[in-house]
Amino acid sequence: MAETKTATLTLDGKTYELPVLSPTSGPDVLDIRKLYSQAGVFTYDPGFTSTASCDSTITYIDGDKGELQHRGYPIDQLASQSHYLEVCYLLLYGELPTKAELEKFETTITRHTMIHEQMHYFFRGFRRDSHPMATMVGVVGAMSAFYHDSTDVNDPRQREIASHRLIAKMPTIAAMAYKYSIGQPFVYPRNDLDYAANFIHMCFAVPAEEYKVDPILARAMDRIFTLHADHEQNASTSTVRLASSSGANPFACIAAGIACLWGPAHGGANQACLEMLKEIGTVDRIPEFIARAKDKNDPFRLMGFGHRVYKNMDPRATVMKESADEVLELLGVENNPLLQVAKELEKIALSDPYFIEKKLFPNVDFYSGIILEAMGFPTSMFTPIFALSRTVGWISQWKEQLGDPQMKIGRPRQLYLGEGLRDYTPIDER
Ligand code: CMC
């Protein structure tokens, strides 16, 4: 991290020199770490709109250009030429694997996909109609009660095992949460299937008959996983880092990430988006919903639109749109009414001055739900699929943070606007 310039802050007639850090790519960063000890002031930035919370070498986003890179590789190349487990390796270890490294990694992940048998009873404690995300938050948190031998965050080997366990078991847990919610028996993982095909099998197979996974659907699933694998310091990743900064165990940290992801402003947007498209229903109702999204007095937002960082097309949405066309054609539903509504909505919104001025473009969640629904997933499974895909990103960021010798507990300060000091009033005098 090059430190080439300084910025000068003048406050109450005194000047302070702030180092300016230059990243590999992206805007310069003012280093304010010593500001409070030197000048006695805090900075104020709710929502972290101008704050870099850490340094990282994993993912880079250029929001103005609409670019996303993992370890320097553009997402469109990874989505078209690589596959999810290779991208997992890249995120975790920093480089693309050799053939032998990839084979070893895939074998390790494949051989960790089963969960402790006693965890099956744990699932049965949930209400039958639980949202699969509710089940996942609980079950992933509970992994710390089942895998004691990989909770010591100071032991690099235990960290490695926990990483592999989480990546391997998350599809099993998501599929079990789904099976439980529809009253079907759990389907065990199969080692002869690849990561994506195994997930589809665990979701849709039943013990009564053979289920063959369509390789084209498995490829589409794998691409959805790849497109969601990491996205630098988003809300859920920052949650994982903050939880981990206290030394909490990895399973607890990832459960915290899942909880944060669930909200409709973040990973819950894919479910909310598909529900919105269904509510719109037909192309002629689009203007009514566009008008609502623009109305300041209406809390309605166009789900799947807008992003804190992208002020251009989300590159993941571009790939997702192509994938939607391919998958729907394969399934013989290319005239899917939801896809027609989505395409028309995108066209109308992108030519509307409100969306142009505010730089609101479709994001990754805009088209993913259409593909997932066409594949047979209910809307309640959309965010769990996001969670299982993002697990590698959370884990890679968690691992990076724990390896940072400068790591400190995350402890933001505040701008206190409450009452000043006052004396306690006894209850009969109030
Ligand atoms: N529909 C209508 N208006 C919008 C939308 C939208 N989807 N998104 C932002 N705006 C308006 C917003 O009202 C505000 O207007 P004004 O400046 O007049 O007050 C302006 O655009 C800026 O919005 P913001 O809420 O201040 O921006 P933010 O960076 O805090 O929020 C966001 C980003 C993603 C939460 C927001 O765009 C949103 O709520 N989008 C819909 C939910 C969604 O699709 N989320 C998925 C994000 S991508 C995947 C992920 O992160 O998990």
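The values are calculated or read from the model by the stated rules, or taken from the named source; none is laboratory data. Fair warning: this is a prediction, and the values are worked out from it, not measured in the lab. In this analysis, Cβ positions are derived from the backbone assuming ideal geometry, glycine residues included, and neighbour counts consider all displayed protein chains. Just the protein is used for accessible areas: all its heavy atoms, side chains included, with ligands, DNA and RNA removed. Shrake-Rupley method; radii C 1.70, N 1.55, O 1.52, S 1.80 Å.
Compactness of the stretch 265-321 was expressed as the Cα radius of gyration divided by 2.2 N^0.38 Å, which yields 1.19.
Split the accessible area of the chain by element, probe 1.4 Å, and carbon with sulfur accounts for 52%. Distance distribution note for the stretch 79-158: the fraction of Cα pairs above 14 angstrom is 74%. Shown in residue order for the stretch 64-81 are the 3J(HN,Hα) couplings computed by the Karplus curve 6.51 cos²θ - 1.76 cosθ + 1.60 at θ = phi - 60°: 6, 8, x, 10, 9, 10, 10, 6, x, 8, x, 4, 5, 5, 5, 5, 8, 10 Hz (x for Gly and Pro). Rounded to the nearest 10 degrees, the angle from helix 156-181 to the longest Cα principal axis of the chain is 50 degrees.
Over the chain, the pair-distance histogram of Cα-Cα distances with 20 Å bins from zero comes to 23, 54, 21, 2 percent, rounded to whole numbers. Placing one equal scatterer on every Cα of the stretch 1-144 and applying the Debye formula, the log10 ratio I(q)/I(0) at q = 0.10, 0.13, 0.18, 0.20 Å⁻¹ is -0.67, -0.91, -1.10, -1.18.
Of all segments of the chain bounded by chymotrypsin sites (Phe, Trp or Tyr not before Pro) found in a DSSP loop with no more than 11 other C-beta atoms within 10 Å, the longest spans 45-415.
I'd like the distance separating the alpha-carbon centroids of the stretch 158-208 and the stretch 357-430, in whole Å. The stretch 158-208 and the stretch 357-430 have Cα centres separated by 25 Å. With N the number of residues in the stretch 119-202, Rg(Cα) / (2.2 N^0.38 Å) evaluates to 1.15.
Computed from the C-beta positions of ARG190 and LYS296 and an R0 of 51 Å, the FRET efficiency is 0.45 to the nearest 0.05. Based on the reciprocal of the average 1/r between different C-alpha atoms, the Kirkwood radius for the stretch 289-430 equals 19.3 Å. The dipole here belongs to the chain: it is taken about the Cα centre, uses +1 on the Cβ of Lys and Arg and -1 on the Cβ of Asp and Glu, and is about 720 debye. For a label point 7 Å from the Cα of LEU417 along Cα→C-beta, name the residues of the stretch 31-49 whose backbone N is under 14 Å from it. In the stretch 31-49, the label zone of LEU417 (backbone N under 14 Å from the point 7 Å along Cα→Cβ) covers 44-47. A Cβ-based charge dipole, computed about the Cα centre of the stretch 131-210 with Lys and Arg at +1 and Asp and Glu at -1, lands at about 180 debye. Seen against the Cα atoms of the chain and their longest principal axis, helix 215-227 is set at about 0 degrees. Close amide H pairs (under 5 Å, H built 1.01 Å from N) link PHE305 with ASN363, residues at least 5 positions away or on another chain. Rg and Dmax, both from the Cα atoms of the stretch 155-312 and both in Å, are 19.2, 59.
On the beta carbon distance between VAL206 and LEU11, with R0 = 51 Å, the FRET formula returns roughly 0.15. Remark: the stretch 212-263 carries a charge dipole of roughly 100 debye about the Cα centre, counting +1 on each Lys and Arg Cβ and -1 on each Asp and Glu Cβ. Each of ILE115, PRO215, THR391 was placed along the dipole of the chain (beta-carbon charges, centred on the mean Cα), and the one lying farthest toward the positive end is ILE115. Our summary of shape: the Cα atoms of the stretch 59-116 have principal axis extents of 44, 27, 19 Å, ordered from largest down, in whole angstrom. Farthest towards the positive end of the charge dipole of the chain, among the residues TYR89, ASN312, ASN249, is the Cα of ASN249, using unit charges on the Cβ of Lys, Arg, Asp and Glu.
Computed per residue of the chain from DSSP H runs no shorter than four, each worth -39500 (n - 2.57), the mean residue ellipticity at 222 nm is -15500 deg cm²/dmol. Remark: the stretch 226-381 carries 40 Å² of accessible area per residue (probe radius 1.4 Å; ligands, DNA and RNA excluded).
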